[in-house]
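Some notes on the structure that comes next.
The values are calculated or read from the model by the stated rules, or taken from the named source; none is laboratory data. All values reported here derive from a predicted model rather than from experimental measurement. Methodologically, a virtual Cβ is constructed for each residue, glycine included, from the backbone with ideal geometry; neighbour enumeration extends over all protein chains shown. Accessible surface is based on the protein model in full, side chains and every heavy atom, while ligands, DNA and RNA are left aside. Shrake-Rupley method; radii C 1.70, N 1.55, O 1.52, S 1.80 Å.
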Amino acid sequence: FDYIESSYYNGRMKLRKNGRWGFTDEKFRIRIPMQYDDVYYFKNKHLTEVKKDKKSGVIDRYDHEIIPLKYTDISFDPSSDRIYAKKEDGIDIFDKEGRLLQTTDYEYLGFYGLNSYTIFKHESKTGILGYDFDVIHEAEFDLLENFINGFAKVRKNGREFYINTKGEEVQ
């Protein structure tokens, strides 16, 4: 082997042979053959991002493809148990079981954290998206900072002001 990870994450340890990555279990049995260009550790007990031929996807602990290897980037949102799969023309949103929840043409989608809303970017403008993918406020801001205590600083047409979580201007 070229490289062996020094610790296990959720029952899997990554290793590399001849420039390809795979995983072993705690008894050093190969569970996922060395076939990927890059791999990450198993973040949420049973899923991890993998890369092959410059495309990203998600596999489970048994090398079953959960999200196809056709995306440019994968992000796990642990607070909402969702996975964001970025592609050339947007972001597909999956649940933690790999079921497609929503297809978007957004350029950016933030994590939900403890909120029922997040920030999204569409055509270089920023707006507010609800947990159920409802647009709370259209993407019209040039800048939308993170919400703190229910308020966020925004910029629109060179003017800066504050809004609440409904996108309403506040004084």
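ASP81 meets each of the listed conditions (1) open to solvent by less than 60 Å² (accessible area, probe 1.4 Å); (2) modelled with pLDDT under 95 apart from (1). Of the residues making up segment 5-29, those that are farther than 22 Å from ASP53 by Cα and either touching a Cys at 6+ places or on another chain (Cβ under 6 Å) or open to solvent by 40 Å² or more (accessible area, probe 1.4 Å) (or both) are SER6, SER7, TYR8, TYR9, ASN10, GLU26, LYS27, PHE28, ARG29.
When ILE119 is tested against the conditions (1) at pLDDT below 95; (2) out of contact with any Gly (no Cβ under 8 Å at 6 or more places or on another chain), the lone failure is (2). On inspection, GLU65 does not qualify as closer than 30 Å to GLU123 by Cβ, out of contact with any Asp or Glu (no Cβ under 9 Å at 6 or more places or on another chain) and not hydrophobic (A, V, I, L, M, F, W, C).
Of all residues in segment 35-61, those being more than 17 Å from ILE4 (Cα to Cα), surrounded by fewer than 17 Cβ atoms within 10 Å (Cβ to Cβ) and free of Cβ contacts under 8 Å to residues at least 24 places away in the same chain number 5. Consider ILE32 carefully, then state whether it is open to solvent by less than 20 Å² (accessible area, probe 1.4 Å), among the β-branched types (Val, Ile, Thr) and within 28 Å of SER6 (Cα to Cα). Taking the combined requirement at face value, the residue satisfies it. Just the residues that are open to solvent by less than 30 Å² (accessible area, probe 1.4 Å) and β-branched (Val, Ile, Thr), please, taken from segment 62-78. Across segment 62-78, the qualifying residues are ILE67, ILE74. Pairs are defined by a Cβ separation below 7 Å, a sequence spacing of at least 6 or placement on different chains, a first member in segment 94-105 that is farther than 18 Å from TYR62 by Cβ, and a second member that is surrounded by 12 or more Cβ atoms within 10 Å (Cβ to Cβ) and polar (S, T, N, Q); no pair meets this definition.
Of the strands (runs of 3 or more DSSP E) lying entirely inside segment 87-169, those containing at least 2 residues that are open to solvent by less than 20 Å² (accessible area, probe 1.4 Å) are 90-95, 117-122, 125-130, 151-156.
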